[in-house]
Amino acid sequence: MFPRDVLSTGPLILRPPVEADMAEVVRMCSDPVTARFMPLLPDPYEPQHALEYVKNAPAKWADGGAEYAITLDGRFAGAIGVRPPDDWGVARLGYLVAPWARGRDVAATAARAVTDWLFDQGVRRVELEAEVENVASLRVAYKAGFREEGLRREARRLRDGRFADYVTFARLEGEVVAGAEPYLPFFEGGELGDGVVRLAPVEPADAGDYHRMMTEPSVAAFSVGQAASLEDDERRCRCTRYWWVSGQRIELAIRDAASGAFAGHVQLTQVVPPLGQAMIGYSLLPAFRGRGFMTRAVTLLTGWAFANTPLHRIVAGTDVANTASHAVLRRAGFEREGVQKELFPRPDGTRADDVQWALVRRAERHGRLRLPWSAGRRP
(Lines give C-alpha, C1' and ligand atoms only; values in the text may rest on other atoms or scores of the structure.)
Protein backbone atom coordinates (compact mmCIF):
# COMPACT_ATOMS: atom_id res chain seq x y z
CA MET A 1 0.00 0.00 0.00
CA PHE A 2 1.37 3.40 -0.98
CA PRO A 3 1.77 6.18 1.61
CA ARG A 4 -0.71 9.03 1.11
CA ASP A 5 2.02 11.53 0.37
CA VAL A 6 1.29 14.99 -0.91
CA LEU A 7 3.51 15.64 -3.94
CA SER A 8 4.85 19.04 -4.94
CA THR A 9 6.30 19.52 -8.42
CA GLY A 10 6.90 22.92 -9.97
CA PRO A 11 3.68 24.94 -9.66
CA LEU A 12 1.59 21.81 -8.96
CA ILE A 13 0.45 20.25 -5.71
CA LEU A 14 -0.90 16.71 -5.89
CA ARG A 15 -3.14 15.64 -2.99
CA PRO A 16 -6.06 13.25 -2.43
CA PRO A 17 -9.37 14.62 -3.80
CA VAL A 18 -11.85 16.21 -1.39
CA GLU A 19 -15.52 17.15 -1.56
CA ALA A 20 -14.59 20.79 -2.20
CA ASP A 21 -13.32 19.62 -5.62
CA MET A 22 -16.72 18.34 -6.74
CA ALA A 23 -17.91 21.35 -8.72
CA GLU A 24 -14.65 21.51 -10.68
CA VAL A 25 -14.73 17.74 -11.27
CA VAL A 26 -18.21 18.08 -12.77
CA ARG A 27 -17.04 20.90 -15.06
CA MET A 28 -13.99 18.91 -16.15
CA CYS A 29 -15.90 15.72 -16.86
CA SER A 30 -18.70 17.56 -18.67
CA ASP A 31 -16.24 19.11 -21.12
CA PRO A 32 -16.68 17.77 -24.70
CA VAL A 33 -12.96 17.04 -25.11
CA THR A 34 -12.91 15.04 -21.88
CA ALA A 35 -16.02 13.15 -22.94
CA ARG A 36 -14.55 12.41 -26.38
CA PHE A 37 -11.52 10.63 -24.96
CA MET A 38 -13.08 9.14 -21.81
CA PRO A 39 -15.95 7.05 -23.20
CA LEU A 40 -16.72 5.34 -19.88
CA LEU A 41 -17.55 8.56 -18.04
CA PRO A 42 -21.28 9.00 -17.35
CA ASP A 43 -23.04 11.29 -19.80
CA PRO A 44 -24.32 13.64 -18.55
CA TYR A 45 -21.84 13.87 -15.69
CA GLU A 46 -23.77 14.91 -12.57
CA PRO A 47 -22.74 16.05 -9.06
CA GLN A 48 -23.51 12.60 -7.65
CA HIS A 49 -20.90 11.12 -9.99
CA ALA A 50 -18.32 13.58 -8.65
CA LEU A 51 -19.31 12.69 -5.08
CA GLU A 52 -18.81 8.99 -5.87
CA TYR A 53 -15.39 9.78 -7.32
CA VAL A 54 -14.30 11.64 -4.17
CA LYS A 55 -15.73 9.06 -1.77
CA ASN A 56 -14.18 6.13 -3.69
CA ALA A 57 -10.69 7.67 -3.68
CA PRO A 58 -9.72 6.27 -0.22
CA ALA A 59 -10.68 2.78 -1.39
CA LYS A 60 -8.27 3.09 -4.32
CA TRP A 61 -5.46 3.82 -1.87
CA ALA A 62 -6.58 0.94 0.39
CA ASP A 63 -6.53 -1.43 -2.61
CA GLY A 64 -2.90 -0.57 -3.34
CA GLY A 65 -3.34 2.19 -5.90
CA ALA A 66 -3.40 5.97 -5.66
CA GLU A 67 -5.73 8.81 -6.66
CA TYR A 68 -4.55 12.41 -6.76
CA ALA A 69 -6.25 15.70 -7.41
CA ILE A 70 -3.90 18.04 -9.29
CA THR A 71 -3.96 21.65 -8.15
CA LEU A 72 -2.38 24.61 -9.92
CA ASP A 73 -2.01 27.87 -7.99
CA GLY A 74 -4.38 26.43 -5.41
CA ARG A 75 -7.14 25.60 -7.91
CA PHE A 76 -8.25 22.12 -8.95
CA ALA A 77 -6.66 21.45 -12.36
CA GLY A 78 -7.12 17.74 -13.01
CA ALA A 79 -6.74 14.23 -11.68
CA ILE A 80 -4.18 11.45 -11.96
CA GLY A 81 -4.62 7.91 -10.74
CA VAL A 82 -2.52 4.75 -10.38
CA ARG A 83 -3.76 1.20 -10.63
CA PRO A 84 -2.31 -1.17 -8.00
CA PRO A 85 0.97 -2.75 -9.14
CA ASP A 86 0.67 -6.29 -10.40
CA ASP A 87 2.75 -9.28 -9.25
CA TRP A 88 5.64 -8.09 -11.43
CA GLY A 89 5.78 -4.57 -10.00
CA VAL A 90 4.01 -2.92 -12.94
CA ALA A 91 1.61 -0.01 -12.35
CA ARG A 92 -0.51 1.97 -14.81
CA LEU A 93 -1.29 5.69 -14.91
CA GLY A 94 -4.37 7.55 -16.08
CA TYR A 95 -4.98 11.31 -16.04
CA LEU A 96 -7.40 14.10 -16.87
CA VAL A 97 -6.77 17.84 -17.15
CA ALA A 98 -9.47 20.47 -16.64
CA PRO A 99 -10.13 22.75 -19.64
CA TRP A 100 -8.91 25.86 -17.78
CA ALA A 101 -5.51 24.22 -17.11
CA ARG A 102 -4.72 22.84 -20.56
CA GLY A 103 -1.68 23.98 -22.48
CA ARG A 104 0.39 24.47 -19.30
CA ASP A 105 2.15 21.06 -19.11
CA VAL A 106 -0.05 20.07 -16.16
CA ALA A 107 -0.49 16.40 -17.13
CA ALA A 108 3.12 15.90 -18.26
CA THR A 109 4.50 17.44 -15.06
CA ALA A 110 2.13 15.42 -12.88
CA ALA A 111 2.77 12.16 -14.77
CA ARG A 112 6.52 12.56 -14.47
CA ALA A 113 6.32 13.37 -10.75
CA VAL A 114 3.96 10.49 -9.94
CA THR A 115 6.09 8.07 -11.94
CA ASP A 116 9.26 9.14 -10.12
CA TRP A 117 7.39 8.78 -6.82
CA LEU A 118 6.23 5.27 -7.78
CA PHE A 119 9.81 4.24 -8.48
CA ASP A 120 10.73 5.50 -5.00
CA GLN A 121 8.00 3.20 -3.63
CA GLY A 122 9.51 0.14 -5.31
CA VAL A 123 7.47 0.03 -8.52
CA ARG A 124 9.58 -1.37 -11.37
CA ARG A 125 7.62 -0.32 -14.46
CA VAL A 126 4.92 2.29 -15.12
CA GLU A 127 2.64 2.12 -18.16
CA LEU A 128 0.11 4.40 -19.81
CA GLU A 129 -1.76 4.45 -23.09
CA ALA A 130 -3.38 7.06 -25.32
CA GLU A 131 -5.80 6.91 -28.22
CA VAL A 132 -4.13 7.63 -31.58
CA GLU A 133 -6.28 10.75 -32.08
CA ASN A 134 -5.59 12.11 -28.58
CA VAL A 135 -2.61 14.30 -29.49
CA ALA A 136 -2.54 16.05 -26.10
CA SER A 137 -2.23 12.73 -24.27
CA LEU A 138 0.40 11.47 -26.70
CA ARG A 139 2.43 14.61 -26.02
CA VAL A 140 2.10 14.03 -22.27
CA ALA A 141 3.65 10.58 -22.62
CA TYR A 142 6.65 11.81 -24.59
CA LYS A 143 7.21 14.87 -22.37
CA ALA A 144 7.01 12.73 -19.21
CA GLY A 145 9.82 10.52 -20.50
CA PHE A 146 7.77 7.48 -21.51
CA ARG A 147 8.87 5.34 -24.43
CA GLU A 148 6.44 4.16 -27.05
CA GLU A 149 6.17 0.38 -27.14
CA GLY A 150 3.42 -0.50 -29.58
CA LEU A 151 -0.07 -0.04 -31.00
CA ARG A 152 -3.14 -1.85 -29.69
CA ARG A 153 -5.51 -2.02 -32.62
CA GLU A 154 -9.23 -1.49 -31.93
CA ALA A 155 -8.56 -1.82 -28.21
CA ARG A 156 -11.60 0.07 -26.86
CA ARG A 157 -15.06 1.02 -28.01
CA LEU A 158 -15.90 4.73 -28.14
CA ARG A 159 -19.25 6.39 -27.46
CA ASP A 160 -20.16 6.26 -31.15
CA GLY A 161 -19.67 2.48 -31.23
CA ARG A 162 -16.40 2.58 -33.16
CA PHE A 163 -13.35 0.73 -31.84
CA ALA A 164 -10.23 2.90 -31.52
CA ASP A 165 -6.51 2.16 -31.66
CA TYR A 166 -4.34 2.95 -28.64
CA VAL A 167 -0.60 3.62 -28.34
CA THR A 168 1.15 1.99 -25.37
CA PHE A 169 3.98 3.64 -23.43
CA ALA A 170 6.18 2.67 -20.47
CA ARG A 171 8.99 3.90 -18.24
CA LEU A 172 11.36 1.61 -16.36
CA GLU A 173 12.98 2.28 -13.01
CA GLY A 174 16.45 3.73 -13.47
CA GLU A 175 15.88 4.58 -17.12
CA VAL A 176 17.49 7.79 -18.33
CA VAL A 177 14.79 10.25 -19.38
CA ALA A 178 15.79 12.09 -22.55
CA GLY A 179 14.68 15.57 -23.54
CA ALA A 180 11.27 15.82 -25.13
CA GLU A 181 11.93 18.28 -27.95
CA PRO A 182 9.99 16.97 -30.98
CA TYR A 183 12.01 16.08 -34.06
CA LEU A 184 9.08 17.12 -36.24
CA PRO A 185 7.31 20.07 -34.55
CA PHE A 186 3.76 20.95 -35.52
CA PHE A 187 3.23 23.89 -37.87
CA GLU A 188 2.99 27.21 -36.09
CA GLY A 189 -0.60 28.29 -36.69
CA GLY A 190 -1.64 24.79 -37.73
CA GLU A 191 -0.89 24.86 -41.47
CA LEU A 192 1.29 26.17 -44.28
CA GLY A 193 -0.05 28.32 -47.10
CA ASP A 194 0.89 30.63 -49.95
CA GLY A 195 -2.53 31.95 -50.95
CA VAL A 196 -2.96 29.30 -53.67
CA VAL A 197 -2.52 26.05 -51.73
CA ARG A 198 -2.83 25.16 -48.05
CA LEU A 199 -1.11 22.24 -46.34
CA ALA A 200 -2.81 20.91 -43.21
CA PRO A 201 -2.89 17.55 -41.42
CA VAL A 202 -5.05 14.94 -43.08
CA GLU A 203 -8.32 14.52 -41.16
CA PRO A 204 -10.61 11.48 -40.83
CA ALA A 205 -13.14 13.44 -42.91
CA ASP A 206 -10.62 13.36 -45.80
CA ALA A 207 -10.62 9.56 -45.99
CA GLY A 208 -13.15 9.38 -48.84
CA ASP A 209 -11.30 11.92 -51.00
CA TYR A 210 -7.94 10.32 -50.19
CA HIS A 211 -9.23 6.86 -51.12
CA ARG A 212 -10.75 8.17 -54.36
CA MET A 213 -7.42 9.76 -55.27
CA MET A 214 -5.35 6.65 -54.51
CA THR A 215 -7.64 4.42 -56.58
CA GLU A 216 -7.66 6.82 -59.56
CA PRO A 217 -5.89 4.92 -62.39
CA SER A 218 -3.18 7.51 -63.07
CA VAL A 219 -2.25 7.52 -59.36
CA ALA A 220 -2.61 3.78 -58.81
CA ALA A 221 -0.29 3.13 -61.78
CA PHE A 222 2.65 4.49 -59.78
CA SER A 223 1.65 3.17 -56.35
CA VAL A 224 3.61 0.35 -54.73
CA GLY A 225 1.93 -2.40 -52.75
CA GLN A 226 -1.57 -3.74 -52.46
CA ALA A 227 -4.41 -1.26 -52.85
CA ALA A 228 -5.91 -0.19 -49.51
CA SER A 229 -9.61 -0.43 -48.70
CA LEU A 230 -11.64 2.58 -47.66
CA GLU A 231 -11.56 1.24 -44.09
CA ASP A 232 -7.75 1.07 -44.24
CA ASP A 233 -7.57 4.65 -45.46
CA GLU A 234 -9.94 5.80 -42.71
CA ARG A 235 -7.60 4.27 -40.13
CA ARG A 236 -4.64 5.92 -41.83
CA CYS A 237 -6.31 9.34 -41.60
CA ARG A 238 -6.99 8.84 -37.89
CA CYS A 239 -3.31 8.05 -37.23
CA THR A 240 -1.78 11.06 -38.96
CA ARG A 241 -1.31 13.28 -35.88
CA TYR A 242 0.04 10.33 -33.86
CA TRP A 243 2.65 9.68 -36.57
CA TRP A 244 3.56 13.35 -36.55
CA VAL A 245 3.87 13.88 -32.79
CA SER A 246 5.89 10.66 -32.50
CA GLY A 247 8.32 11.90 -35.16
CA GLN A 248 7.62 9.08 -37.60
CA ARG A 249 6.14 11.02 -40.52
CA ILE A 250 4.04 13.99 -41.61
CA GLU A 251 0.88 13.37 -43.67
CA LEU A 252 -0.76 16.46 -45.17
CA ALA A 253 -3.80 17.27 -47.24
CA ILE A 254 -3.17 19.72 -50.08
CA ARG A 255 -6.15 22.06 -50.26
CA ASP A 256 -7.22 24.68 -52.76
CA ALA A 257 -6.79 27.86 -50.72
CA ALA A 258 -9.78 29.50 -52.41
CA SER A 259 -12.35 26.74 -51.88
CA GLY A 260 -10.80 24.54 -49.17
CA ALA A 261 -11.33 21.50 -51.40
CA PHE A 262 -9.10 18.46 -50.99
CA ALA A 263 -6.71 18.51 -53.95
CA GLY A 264 -4.07 15.98 -53.01
CA HIS A 265 -1.64 14.62 -50.48
CA VAL A 266 2.02 15.21 -49.60
CA GLN A 267 4.08 13.45 -46.97
CA LEU A 268 7.47 13.37 -45.27
CA THR A 269 8.20 9.76 -44.39
CA GLN A 270 11.09 7.36 -43.76
CA VAL A 271 12.51 9.87 -41.27
CA VAL A 272 16.02 8.84 -40.16
CA PRO A 273 17.23 11.24 -37.43
CA PRO A 274 20.85 9.96 -37.28
CA LEU A 275 21.17 10.76 -40.99
CA GLY A 276 19.04 13.88 -40.94
CA GLN A 277 17.12 12.47 -43.89
CA ALA A 278 13.48 11.99 -44.87
CA MET A 279 11.62 11.05 -48.05
CA ILE A 280 8.91 13.12 -49.71
CA GLY A 281 5.96 11.60 -51.54
CA TYR A 282 2.83 13.07 -53.11
CA SER A 283 -0.28 12.54 -55.22
CA LEU A 284 -2.78 14.94 -56.81
CA LEU A 285 -6.34 14.58 -58.02
CA PRO A 286 -6.65 15.03 -61.82
CA ALA A 287 -8.93 18.07 -61.48
CA PHE A 288 -6.14 20.08 -59.84
CA ARG A 289 -3.28 19.17 -62.16
CA GLY A 290 -1.58 21.65 -64.44
CA ARG A 291 -1.97 24.54 -61.99
CA GLY A 292 1.34 24.29 -60.13
CA PHE A 293 -0.30 22.93 -56.95
CA MET A 294 2.19 20.14 -56.38
CA THR A 295 5.29 22.25 -56.99
CA ARG A 296 3.97 24.78 -54.49
CA ALA A 297 3.16 22.04 -51.94
CA VAL A 298 6.58 20.37 -52.22
CA THR A 299 8.38 23.73 -52.00
CA LEU A 300 6.36 24.82 -48.97
CA LEU A 301 6.98 21.57 -47.12
CA THR A 302 10.70 21.29 -47.87
CA GLY A 303 11.25 24.97 -47.02
CA TRP A 304 9.47 24.50 -43.69
CA ALA A 305 11.46 21.32 -42.95
CA PHE A 306 14.83 22.97 -43.44
CA ALA A 307 13.75 25.97 -41.37
CA ASN A 308 12.21 24.06 -38.46
CA THR A 309 13.76 20.59 -38.19
CA PRO A 310 17.27 19.08 -38.10
CA LEU A 311 16.71 17.46 -41.53
CA HIS A 312 19.64 17.92 -43.90
CA ARG A 313 18.49 15.85 -46.88
CA ILE A 314 15.05 15.26 -48.37
CA VAL A 315 14.96 12.53 -50.97
CA ALA A 316 12.40 11.20 -53.43
CA GLY A 317 12.02 8.05 -55.49
CA THR A 318 10.08 8.10 -58.76
CA ASP A 319 9.09 5.58 -61.39
CA VAL A 320 11.18 6.14 -64.51
CA ALA A 321 7.97 6.63 -66.49
CA ASN A 322 6.49 9.23 -64.11
CA THR A 323 7.72 12.29 -65.98
CA ALA A 324 5.17 14.59 -64.30
CA SER A 325 6.70 13.78 -60.90
CA HIS A 326 10.21 14.37 -62.29
CA ALA A 327 9.14 17.84 -63.42
CA VAL A 328 7.72 18.71 -59.99
CA LEU A 329 10.97 17.77 -58.28
CA ARG A 330 13.11 19.74 -60.73
CA ARG A 331 10.94 22.85 -60.27
CA ALA A 332 11.19 22.44 -56.48
CA GLY A 333 15.00 22.41 -56.62
CA PHE A 334 15.72 18.68 -56.35
CA GLU A 335 18.68 17.18 -58.19
CA ARG A 336 18.73 13.77 -59.78
CA GLU A 337 21.13 11.44 -57.95
CA GLY A 338 20.89 8.09 -59.69
CA VAL A 339 18.82 5.10 -60.72
CA GLN A 340 17.98 1.88 -58.90
CA LYS A 341 17.39 -0.72 -61.55
CA GLU A 342 14.07 -2.61 -61.56
CA LEU A 343 13.04 -1.59 -58.04
CA PHE A 344 9.30 -0.99 -58.44
CA PRO A 345 7.04 -4.00 -59.14
CA ARG A 346 4.30 -3.45 -61.72
CA PRO A 347 0.90 -5.17 -61.92
CA ASP A 348 1.91 -7.00 -65.12
CA GLY A 349 4.83 -8.70 -63.37
CA THR A 350 7.56 -6.48 -64.82
CA ARG A 351 9.65 -4.03 -62.80
CA ALA A 352 10.38 -0.32 -63.26
CA ASP A 353 13.56 1.59 -62.54
CA ASP A 354 13.55 4.04 -59.62
CA VAL A 355 14.93 7.49 -60.45
CA GLN A 356 16.29 9.00 -57.22
CA TRP A 357 16.32 12.69 -56.30
CA ALA A 358 17.61 14.77 -53.39
CA LEU A 359 17.34 18.26 -51.99
CA VAL A 360 20.11 19.21 -49.54
CA ARG A 361 20.02 21.96 -46.92
CA ARG A 362 22.02 24.98 -48.11
CA ALA A 363 21.82 28.54 -46.80
CA GLU A 364 21.29 30.14 -50.20
CA ARG A 365 18.80 27.49 -51.31
CA HIS A 366 16.98 27.63 -47.99
CA GLY A 367 16.29 31.34 -48.49
CA ARG A 368 15.11 30.81 -52.06
CA LEU A 369 12.74 28.02 -51.06
CA ARG A 370 10.97 30.04 -48.38
CA LEU A 371 10.31 33.11 -50.49
CA PRO A 372 7.91 34.50 -51.50
CA TRP A 373 5.64 31.92 -49.87
CA SER A 374 5.07 31.99 -46.10
CA ALA A 375 4.05 29.59 -43.37
CA GLY A 376 1.10 30.06 -41.08
CA ARG A 377 -2.67 30.07 -40.96
CA ARG A 378 -4.29 32.06 -43.74
CA PRO A 379 -7.48 34.09 -43.05
### Task
Give Gln277, Gln270 a once-over and let me know the one that is in contact with a His (Cβ under 8 Å, 6 or more places away or on another chain) and either modelled with pLDDT of 95 or more or not β-branched (Val, Ile, Thr) (or both).
Gln277
### Task
Of the conditions (1) open to solvent by less than 30 Å² (accessible area, probe 1.4 Å); (2) within 23 Å of Arg331 (Cα to Cα); (3) at pLDDT 95 or above, Ala287 clears all except one; give me its number.
(1)
### Filtered residue count, the stretch 3-21, keeping only those that are crowded, with 19+ Cβ neighbours inside 10 Å and either in contact with a Phe, Trp or Tyr (Cβ under 8 Å, 6 or more places away or on another chain) or under 30 Å from Asp87 (Cα atoms) (or both)
3
### Summary
When Gly247 is run through (1) in a loop (DSSP other than H, G, I, E, B); (2) open to solvent by 50 Å² or more (accessible area, probe 1.4 Å), the failure sits at (2)
### Query
Could we say that Ala77 is at pLDDT 95 or above and either at positive phi or open to solvent by 40 Å² or more (accessible area, probe 1.4 Å) (or both) here?
no
### Query
Mind checking whether some residue in the stretch 309-317 is out of contact with any helix residue (DSSP H, G or I) (no Cβ under 9 Å at 6 or more places or on another chain), in contact (Cβ under 8 Å) with a residue 40 or more places away in the chain, under 16 Å from Arg249 (Cα atoms) and assigned to a loop (DSSP other than H, G, I, E, B)?
yes
### Summary
Cβ pairs under 6 Å, 6+ apart or interchain, first in the stretch 263-285 and outside any strand (DSSP E or B), second open to solvent by less than 50 Å² (accessible area, probe 1.4 Å) and of a type in the set (A, V, I, L, M), ordered by first then second residue, are Gly276/Leu311; Leu285/Met213; Leu285/Ala263
#### Entry: Residues of the stretch 97-142 satisfying the condition of being closer than 25 Å to Phe2 by Cα, aliphatic (A, V, I, L, M), in a helix (DSSP H, G or I) and in contact with a strand residue (DSSP E or B) (Cβ under 8 Å, 6 or more places away or on another chain)
Val106, Ala107, Ala110, Ala111, Ala113, Val114, Leu118, Val140, Ala141
### Task
Output the qualifying pairs, or none if there are none: Cβ atoms under 8 angstrom, residues six or more apart or on different chains, first residue in the stretch 213-228 and closer than 15 Å to Phe262 by Cα, second residue open to solvent by less than 60 Å² (accessible area, probe 1.4 Å) and of a type in the set (Ser, Thr, Tyr).
Met213/Ser283; Met214/Ser223; Met214/Ser283
### Task
Six or more apart or on different chains, Cβ under 6 Å: which pairs go from a residue in the stretch 235-262 that's closer than 17 Å to Leu192 by Cα to one that's of a type in the set (Ser, Thr, Tyr) and surrounded by fewer than 19 Cβ atoms within 10 Å (Cβ to Cβ)? Could you list them?
Arg249/Thr269
### Query
When residues of the stretch 195-236 are filtered for being closer than 30 Å to Glu342 by Cβ, not polar (S, T, N, Q) and not in a helix (DSSP H, G or I), how many remain?
7
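The values are calculated or read from the model by the stated rules, or taken from the named source; none is laboratory data. If you're wondering where the values come from, they're calculated on a predicted model, not measured in any experiment. FYI the Cβ positions are ideal-geometry reconstructions off the backbone, even for glycines, and counts take in every protein chain you see. Note: accessible area is taken over every heavy atom of the protein model, side chains too, but ligands, DNA and RNA are not part of it. Shrake-Rupley method; radii C 1.70, N 1.55, O 1.52, S 1.80 Å.
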